[in-house]
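Everything below concerns the one structure shown next.
Only the coordinates and a few stated rules stand behind these numbers; no lab work does. As the structure is a computational prediction, the values presented were derived from the model and not from experiment. Cβ atoms come from the backbone with ideal geometry, glycine included; neighbour counts cover every protein chain shown.
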Amino acid sequence: MNVSVDIRQVVKRYGTVTALHGVSMAIGENEFFTLLGPSGCGKTTLLRCIAGFEDVSGGEIRLHGQNIAALEPNHRPVNTVFQQYALFPHMTVRDNVAFGLKMKGMGLAERNARAGKMLEMVHLSAFADRLPAQLSGGQQQRVALARALAPEPKVLLLDEPLSALDLKLRQAMRVELKQLQETTGITFIFVTHDQEEALTMSDRIAVMSQGHVQQIGTARDIYEAPVNRFVADFIGETNLLPVTVESVAQGVAAVTLPGGHRITCAAAGMAPGPHHVSIRPERLSIVPTGGDLDVVVERVVYLGSDLQLLTRLDSGAALHLRMQNSARGQVPAPGTRIGLQLEEGAARLLAD
Amino acid sequence: MAGFAPKTGAEGTGYTRIVGPLLLPTWAMIGIFLVLPVALMAVYSFLTKEFRGGVIWDFTTAAYDQFFVTRGLFGDEPAAIEWTYIGIFWRSIWQAGVATLVCLIVGFPTAWFIATRPPASRQLWLFLITIPYWVNLLIRTVSLKFLIRDNGPLNESLMGLGLIDGPLPLVNTNLAVQLGLFYSYLPFMVLPIYAAVERYNFALSEAAADLYASRWVTLREIVLPVVRPGIIAGCILVFVPSLGAFLAPDLLGGAKTFMIGSLIEEQFKGSQGNWPFGAACAMILMTLVMIVLIAYARQQSRAEGG
Ligand SMILES: Nc1ncnc2c1ncn2[C@@H]1O[C@H](COP(=O)(O)OP(=O)(O)OP(=O)(O)O)[C@@H](O)[C@H]1O
Ligand SMILES: [Mg+2]
């Protein structure tokens with residue numbers, strides 16, 4: 001992997017508040033890289049450090065090997081799609097898109113031609129002569145995208161660009177953005193707090209929390225092999241159960257679940273003692289009672305294509321699971337007792 | 001300036017029918033304090049002057065004739081353009097224009113500075129700006145004259161420091177008048193620009209920098225166009241009263257700096273006055289100002305796409 005943006009131990013303090021505590025990540029060329037985390041975890045701060053709107057308090061950011069700390073924002077080959085778009089209200093859509101090209105010294109005819117092409121790409125050719133205020137939110141978002149892409153930056157920073165759109169438009173834009181990234185070959189650093197967005201679009205995801213990077217990996221990595229409780233809990237739905245690790249031998253741990261049920265999990269360098277396991281709800285299936293994992297159904301929640309069953313172990317620990325909403329399966333009524341079975345490898349032992 | 005009120009639908013329906021009577025005090029105010037005085041002035045400008053001030057009710061265009069036309073000292077030469085008053089008008093426009101420019105150059109950074117302070121301290125800065133205006137304009141202007149006269153504190157301290165040998169002749173110069181106008185009207189520039197800058201979305205400046213614009217280019221291409229309504233409002237609020245000002249030119253300037261305001265003032269003072277001529281001057285001044293404002297409003301509504 002050719003590294004495009006190399007973030008090394010970046011610290012950012014605002015007075016007494018520390019927004020980033022030594023964040024490191026290496027983002028590859030042509031990568032769709034997502035920063036994912038709850039509100040206030042420092043995603044925007046990190047983007048602003050890369051764009052140059054904030055000076056880092058410690059560490060360094062390298063762009064293609066060059067430390068860019070001394071470069072003003074207008075000298076960084078990086079463009080941003082702002083969360084609130086920040087379109088220039090007094091310029092037409094075309095002039096907005098052509099602004100970066102004009103600043104780079106491109107002639108009028110050439111830059112208008114290029115702006116026209118960009119607008120075509122985001123399906124807004126018919127709106128070139130309008131002012132931003134005369135567009136809908138989704139259209140403004142696409143203008144912001146076209147404006148940031150027009151100067152062909154090496155890296156495009158996107159700060160929750162889809163958050164203001166309704167669900168349908170958001171889903172359509174996800175596909176368009178991904179295609180755009182693939183055809184242009186530009187490195188995308190995409191900020192979101194919507195995990196579904198992150199999982200569907202990203203090559204890799206950095207999960208952040210409170211100014212720390214928790215885990216970096218592909219969507220599959222962080223969904224199926226979360227390294228800690230925060231990641232397991234934040235990404236998707238999961239059951240976090242307190243367990244006891246009895247023994248560890250050759251990377252395999254013998255684990256006792258709250259009901260006394262014993263399973264084995266992959267364990268990388270973990271000591272015996274109290275821990276947590278994460279079990280995804282879709283990896284539990286219903287079997288006849290009498291096994292070790294018998295539960296009482298408390299509620300059945302209708303989710304459309306799926307049903308969610310909220311159940312409780314005899315020990316009092318809650319477990320929820322999913323079943324497909326098909327005519328074939330019998331839906332257990334609340335109050336009934338059912339048995340559960342864990343899929344092979346479904347329980348993931350967590351470090352903390 | 002454009003778009004004060006939403007366009008209402010059919011006359012006298014719903015909203016307007018209820019609000020109509022409530023607007024009566026407004027219309028009365030406009031009638032008594034705006035329409036009536038202007039109408040009165042217009043009428044007076046067409047009357048004949050009485051020698052000890054006042055008017056005779058004989059309709060004539062003599063006042064306007066006096067303003068624009070000369071027939072020589074004894075009135076026996078062929079009619080020609082009278083340049084004296086046009087010259088005074090021209091000089092006044094020039095003075096007011098310079099005062100407006102100076103207020104803008106000082107007022108914009110001031111407004112910018114205040115608008116970019118933390119919200120809590122903005123109120124304090126605005127308050128500080130307005131403190132001098134608690135004092136009557138006449139007293140402030142006279143004080144300014146004391147400050148800059150030959151043996152005033154400014155010249156004394158400059159001479160005391162050995163920076164100059166003799167006093168700087170400031171009183172009775174254009175510079176002194178400029179200083180007076182600047183000092184009188186600066187807040188009228190600062191406040192509307194402040195209001196515009198406070199609403200300015202600084203993410204726009206970041207977006208411009210992100211798209212390779214330098215600070216200077218960002219100011220020129222983004223900031224100034226976006227806060228333009230505030231700048232225009234400030235310029236109008238300074239230019240119009242500067243044009244008709246008479247305190248600063250009277251007290252700080254001399255015969256060389258005679259401005260429209262003083263010319264009009266003189267026509268209504270004592271037995272030397274000429275009320276119809278003063279009224280005519282005021283009408284001409286008002287027409288000039290109206291033309292400028294209407295031209296601006298037209299251009300503005302065209303720029304906004306109607
Ligand atoms: N200018 C600032 N001054 C002081 N603290 C700040 C400033 N900007 C951000 N912070 C703090 O830094 C932390 C990270 O903020 P940041 O905006 O990066 O969060 P975020 O991950 O983008 O959140 P969101 O999803 O809500 O946009 C927050 O605790 C925030 O309060
Ligand atoms: Mg943010």
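Here are the numbers for the structure shown:
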quantity: Label point distance in nm, B:Phe268-B:Thr116, each placed 7 Å from Cα along Cα→Cβ; calculated: 4.4 nm
quantity: Centroid-to-centroid separation of region A:63-140 and region B:224-238 [C-alpha atoms, Å]; calculated: 27 Å
quantity: Mean residue ellipticity (222 nm) of the protein assembly as shown, computed from DSSP H runs ≥ 4 via -39,500 (n - 2.57), nearest 500; calculated: -13500 deg cm²/dmol
quantity: Segment A:Asp166-A:Leu240, length gained on full extension (0.36 nm per residue, minus Cα span); calculated: 23.5 nm
quantity: Relative contact order %, region B:40-82, counting alpha carbon pairs below 8 Å whose residues are six or more apart; calculated: 26 percent
quantity: Among A:Val207, B:Leu36, B:Ile148 - extreme Cα towards positive end, dipole of the protein assembly as shown, charges at beta-carbon; calculated: B:Leu36
quantity: Shielding by partners, peptide A:77-89 (average Cβ within 10 angstrom, other chains); calculated: 4
quantity: Cα gyration tensor, chain B - rounded (a/c under 1.5), prolate or oblate; calculated: oblate
quantity: Ellipsoid equivalent to region A:3-229 - semi-axes via the Cα gyration tensor, in Å; calculated: 29, 20, 16
quantity: Translational D in µm²/s for the protein assembly as shown (Stokes-Einstein at 20 °C, 1.002 mPa s, Kirkwood Rh from C-alpha pairs); calculated: 67 µm²/s
quantity: Antiparallel %, DSSP beta bridges [both residues in chain A], to 5; calculated: 80 percent
quantity: Length-normalised contact order of region A:181-257 in % [C-alpha pairs under 8 Å, at least 6 apart]; calculated: 16 percent
quantity: Nitroxide proxy distance, nm - points 7 Å out along Cα→Cβ at B:Met286 and B:Trp94; calculated: 2.8 nm
quantity: Residue exposure sequence - A:Lys117, A:Lys12, B:Lys256 - by fewest surrounding Cβ within 10 Å; calculated: B:Lys256, A:Lys117, A:Lys12
quantity: Tensor-based shape of region A:179-249 (alpha-carbon gyration tensor, a/c under 1.5 rounded, otherwise prolate or oblate); calculated: prolate
quantity: Peptide ranges A:128-135, B:35-42 listed from the most packed, as the mean C-beta count within 10 angstrom indicates; calculated: A:128-135, B:35-42
quantity: Selection of chymotrypsin sites (Phe, Trp or Tyr not before Pro), region B:53-105, meeting DSSP coil and at most 13 other Cβ within 10 Å; calculated: B:Trp57, B:Phe59, B:Phe74
quantity: Residues A:Lys43, A:Lys104, sorted so that the one with the fewest Cβ neighbours within 10 Å comes first; calculated: A:Lys104, A:Lys43
quantity: With 10 Å bins from 0: P(r) over region B:108-185, alpha-carbon pairs, percent; calculated: 17, 33, 29, 20, 2
quantity: A:Val175 paired with A:Thr16, simple spin-label distance in nm, labels 7 Å along Cα-to-beta-carbon; calculated: 5.1 nm
quantity: Averaged over A:101-107, number of beta-carbon atoms from partner chains that fall within 10 Å; calculated: 3
quantity: Whole-Hz couplings from phi, Karplus 6.51/-1.76/1.60, listed for region A:190-197; x for Gly and Pro; calculated: 10, 9, 7, 10, 9, 5, 5, 4
quantity: Total formal charge among the other residues, if their Cβ is under 12 angstrom from that of A:Tyr14, Lys/Arg +1 and Asp/Glu -1; calculated: +1
